[in-house]
Amino acid sequence: MPWPQQRRLLGTKVQRLDGADKSTGRAKYSYDINRPRQCHARILRCPHAHARIKSIDTTVAERTPGFKSIHMVAKPGDELYFAGAELLGIAADTEEHAEDALRAIRVEYEPLPHHVKEAEALRSKGSTVGGGAEAANVTPAGDYSTDNFEQNAYRDAAAVHEAEYGVAIISHQCLETHGLVAQWDEKQENLTVWASTQAVPNTAQQLAQYFKIPATRVKCITHYMGGGFGSKFGPDIQGQIAAELAKKAAQPVKLMLDRAEEVTVGGMRPSAYGKVKIAANKEGLIQAFEVDCYGSPGVGRGATVNFNLLPYVYVNVPHIKRKHQAVRLNLQTARAMRAPGHPQNCLLTEQAIDDLAAKLNVNPIQMRLRNLPPNDQDAIKNAPTTYLALRHTIYTQQIDLVRKMSDWDRKWHPPGQGNGPIKTGLGIALHTWGGSGRGPNPTKITIGADGSVLCQSSTQDLGTAQRTVAAIIVAEILGLDPKDIMVEVGESQHGPSTPSGGSTTCPGTSPAILKAAENARDAFFAAIAPRMNVEVADLEIAPGHVVNKKANQRIPWRQACARLGMNPVQATGDWPTNAQLQQNKELRDLWTTRLSNQGVGGVQIAEVRVDTETGVVRCTNVWAVQDVGLVVNKLGCESQAAGGVVMGVNYALYEECIYDKNSGRLVNPDMEFYKLAGIRDMPQIHVHMMDMPERGVIGIGEPPTISTAAAVGNAIFNAIGVRVPFAPFTPERVLAALARPQGGAR
Amino acid sequence: MSSSKDSPKSGLSRRDFLRAGGAAATSVTGLAGATLETQAQPGQPPASHIPVLGPGPAKISLNVNGREMSTAVEPRVTLLDALRNYLDVTGCKRVCDRGTCGACTVMLEGKPVYSCSMLAVEAQGKAIRTAESLVDGGKLDPVPEKFVQFDAQQCGFCTPGFVVAMRAVLDRNPKATPEDVEQGLQGNICRCGTYEQMRDAIYSLCNRPRRS
């Protein structure tokens, strides 16, 4: 069952099936669900960055008009570690009454010392983020060196560059906030939730575990989903609160976070700051890369960079030394955000490379071509369609393409050249991502006697046009139009499916859908062949038809389906089990290197215009070339790639969670002071998708957002001739860098 | 729907509301039964025609996509919340809830407004149009049609707001240039980053070629 050699639909531009429903507001998101007798819930949150609860008085609140139920999650004596931590939830008949009830609650706190700034927490020894004895503020998150680094690293150096780079904490800013509607049945035994989630079955399972009831008693529905970007993998505490409140009230409860809550507790991309020392020999080959970096995962733990991928992409640098520290702060715990760690790695690596190239007087494109990692010899033999086997070839082709698309050779100038106060510049950066698929993703296909085709699975469509992906594959195999396929996703009762994280949904579902479509076709042929007095082998699919090769007869699809009589045909398809994949190399190669694959490369060039009098940077163009293996829907791929670039431009120029040192609170939990670009702030975006069908399907979600910020940073450096070290590259920081070229403001 | 903005029957002006709201606030503090005369300024005639609203739910009627819809809401309820929570008209989305992102955009008498930043009681007697009005049976209005054609939407949560804002620009000026349309979308924010595809849709709607 490889992918069809002749592709009629795969790789073409297919409009998303649910586009009309979405654009006319008829698509019902979790936020839009209104159940009969539905109540509304709000959460009371700690206003202090670090505090202990002295007392909670809810007596007045429980007498306010419309009050329905209350659920406590914190109690007097508890220590809370960030502003926004949950104390309790309250449900009332209307949202207005829920707000009133919340306001009527009295809580006394004992404020405790806090930290919300990385550099300060790093300096302060032995105080105060809290969380018990094992919770040091600063924890080592990686320490590595190649052998004899000190002796060898800088021996052949023709140029050495040492500088600090960094990027601030940002928010996912999902437009549909986190939350759900929870409804118990009359016997209070079965729970249905309409949740905004990237993991439909997991959300149901987690709630079942929380309530200690069988998983079959919880159903999760997510027909439409308003953005997740890595922040929505379960019910979260607000899901538990909503379900508890619904049980206590014996009424459905809607609990969606408001905007301030969304930005304060709905997830963040962690910061990363680091000193980088990089050296190259006189041929421009990078000989040494040394990085000492830190970042904050919030009050949680964990690295904020992808430690093993430093330096990023250019992994064949011979002498590497890296150290990373996680700095805990009194703010929400970081969540995965679109290519976790990679944009930070890319900023730390690619900007240092450009600064080094400038010292060597080498064109940034030449610098990259010289230092690309080679195609791996073992991989060429054993796994010839993998990233390892192809990376040098892919990047070389991509650089060549993007160089022509952007007219680099004509436009590029040495850093800082140009007259007048408005400077223009070009910058380049490379990225990589895994994006592998896996199972289980069972998919069921039903062919009806009326010619209808239904494709069902529990996977979710986050805006990735997943319904359309399924329809394209099924239609390709059955010779139909994607519009002919009815696709149902986002309901947990359709069985297990993998969460939509790490660009794994398209590669995880597509092979299973292909298998299901082939099985359905075969079952269909088996059912109708006897009624047509032919062998199954005599039948084949042609567009819109079933062909009886024996009689050289073309039967329109509906007529062929009519031969099914009363019984529709059903078939399922899914991945082999992990054990089967491990034991059987042929099967493993088919599913993980030909039907799907992992590892992509991408290259982006950004063009900026910098006003050196105001410090305002305008990104005017971004050219993006991306490999995703086999392209399923070119239209959807291009959308996601351009969208990734937009998110990257936002990361480079606008976004930052700003925490107030004194109160410890986020001062911009909104959309006016937390800056996101509008249409007129955006560059022209030129996307080129490399279609490599022999590689199989690879995910597209994360990769195209990774290198944009570094490309913009490099373009600014190229424009003004000085490095703005810390993103976002705001006017203030640009002016500071121009005023003090040896180190800008954070 | 035709209605005069000056007619007292056309709804409540902001000034009327604030004055009536003052009376309502008074009654909350225990002076229930206080008449509006107590609110009148010396030298002004008593504003006896001003309906007293709140603090409890008041019956309202809204003209949504050509249909009269009735409900009862407290005067503090925004047009957005009345539409979404009380009338189940959910095409307008609540995202920032404070007049920044445009996801709640509806047309009020043909003008795009942030429905999160207006009270429901103020919208009475005015023709309200939401994204749901841009499809008639299976027939899509050209604006959402181009959004679909060029894939100018991903998660789609901002999309109805963009679509309504764009429809409003083109209704006001059928000869709008792409520049004009982009101007009209400055009050809307998309997080998935569909601006590039939106530009394709805009150029197509304006009958302009885009790129060579």
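Using a basic spin-label model with each label point 7 Å from the Cα along Cα→Cβ, how many nm lie between residue A:393 and residue A:684?
About 3.3 nm separates the two model spin labels.
Which percent, nearest 5, of DSSP beta bridges in chain A are antiparallel? Intermediate values should be presented prior to the final figure.
Working: 94 of 123 bridges.
Just about 75 percent of them are antiparallel.
List the GluC sites (Glu not before Pro) in the range A:479-581 that DSSP assigns to loop (not H, G, I, E or B) and whose Cβ has at most 12 other Cβ atoms within 10 Å. Which are they?
Details: sites: A:488, A:491, A:518, A:535, A:540; in loops: A:535.
When the GluC sites (Glu not before Pro) of the range A:479-581 are filtered for loop state and at most 12 Cβ neighbours within 10 Å, A:535 remain.
Count the lysine pairs in the range A:39-140 that are 8 or more places apart or on different chains: how many have C-alpha atoms under 28 angstrom apart?
Final tally of qualifying lysine pairs is 5.
Which order, highest average first, do A:229-237, A:459-467, B:82-90 follow once you tally other Cβ atoms within 10 Å for each residue and take the mean per peptide?
A:459-467, A:229-237, B:82-90
Would you kindly derive the ³J(HN,Hα) couplings of the range A:246-254 from the backbone phi angles with the Karplus curve 6.51 cos²θ - 1.76 cosθ + 1.60 (θ = phi - 60°), listing them in order in whole Hz, with x for Gly and Pro?
5, 5, 5, 7, 6, 9, x, 10, 9
Based on the Cβ-Cβ distance from residue A:52 to residue A:292, what FRET efficiency comes out when R0 is 35 Å, to the nearest 0.05?
Values: r = 35 Å, r/R0 = 1.01.
Efficiency for this residue pair is about 0.50.
Among DSSP bridges having both ends in the range A:39-140, what percentage is antiparallel? Round to the nearest 5.
That works out to approximately 100 percent antiparallel.
Enumerate the aspartates and glutamates that residue A:323 could reach by cross-link, defined here as Cα to Cα under 20 Å, with residues fewer than 8 away along the same chain left out.
Straight-distance partners of residue A:323: A:118, A:120, A:143, A:147, A:150, A:162, A:164, A:290, A:292, A:350.
Return the distance in nm (one decimal) between the two label points of a simple spin-label model at residue A:410 and residue A:585, each offset 7 Å from Cα along Cα→Cβ.
For the pair residue A:410/residue A:585, the computed spacing is 5.2 nm.
In whole Hz, what ³J(HN,Hα) sequence does the range B:93-110 give by Karplus (6.51, -1.76, 1.60; θ = phi - 60°), x for Gly and Pro?
9, 9, 10, 8, 6, 8, x, 10, 9, x, 5, 9, 4, 10, 9, 10, 6, x
Please list, in order along the range A:304-309, the HN-Hα scalar couplings obtained from phi with the Karplus expression 6.51 cos²θ - 1.76 cosθ + 1.60 (θ = phi - 60°), rounded to whole Hz, x for Gly and Pro.
The phi angles translate into 10, 10, 8, 4, 6, 9 Hz.
Rounded, prolate or oblate for the range B:58-205? Axes are the square roots of the Cα gyration tensor eigenvalues, ordered a ≥ b ≥ c, and the cut-off for rounded is a/c under 1.5.
Working: a/c = 1.94, a/b = 1.72, b/c = 1.13.
Judged from the Cα gyration tensor, the range B:58-205 comes out prolate (a/c at least 1.5, a/b above b/c).
What FRET efficiency would be calculated for the residue pair residue A:558, residue A:6, taking the C-beta separation as r and a Förster radius of 22 Å, to the nearest 0.05?
Computed FRET efficiency for residue A:558 and residue A:6 comes out at 0.40.
Quickly work out the residue B:177-to-residue A:186 label distance, labels modelled 7 Å from Cα along the C-beta direction, and quote it in nm with one decimal.
According to this spin-label approximation, the distance is 6.6 nm.
Name all residues of the range A:258-287 having a backbone nitrogen under 19 Å from the label point set 7 Å from the Cα of residue A:154 along its Cα→Cβ direction, giving them as ranges.
Counting backbone N atoms under 19 Å from the label point, the list is A:274-287.
Can you classify chain A as rounded, prolate or oblate using the Cα gyration tensor, where a ≥ b ≥ c are the square roots of its eigenvalues, rounded means a/c under 1.5, and otherwise it's prolate if a/b beats b/c and oblate if not?
oblate
What's the extension gain from residue A:522 to residue A:63 if we count 0.36 nm per residue and subtract their Cα-Cα distance?
158.8 nm
Which of the three applies to the range A:555-692, rounded, prolate or oblate, going by the alpha-carbon gyration tensor with a ≥ b ≥ c and a/c under 1.5 meaning rounded?
It is prolate, given that a/c is not under 1.5 and a/b is the larger ratio.
Of all accessible surface on the protein assembly as shown at a 1.4 Å probe, what whole percent is carbon and sulfur?
50
Taking the Cα centroid of the range B:60-114 and of the range A:35-63, what is the distance between the two, rounded to the nearest whole Å?
Here the two parts' Cα centres lie 27 Å apart.
What are the lysines whose alpha-carbon lies under 26 Å from the alpha-carbon of residue A:13, with same-chain residues fewer than 8 places away excluded?
Residue A:13 reaches A:22, A:28, A:404, A:444, A:483, A:515, A:634, B:139, B:146.
Please compute the average number of Cβ atoms from other chains found within 10 Å of each residue's Cβ in peptide A:12-23.
Going residue by residue through A:12-23 and averaging, the value is 6.
Mind giving me the FRET efficiency for residue B:208 and residue A:613? R0 is 25 Å, r the Cβ-Cβ distance, nearest 0.05 is fine. Walk me through the numbers on the way to the answer.
Numbers: r = 33 Å, r/R0 = 1.34.
E(calc), rounded to 0.05, equals 0.15.
The values are calculated or read from the model by the stated rules, or taken from the named source; none is laboratory data. The structure presented is a predicted model; accordingly, all values stated were derived computationally and were not measured. Heads up, the Cβs are rebuilt from the backbone with ideal geometry, glycines too, and the neighbour counts pull from every protein chain shown. Calculation scope for accessible area: heavy atoms of the full protein, side chains included, ligands and nucleic acids excluded. Shrake-Rupley method; radii C 1.70, N 1.55, O 1.52, S 1.80 Å.
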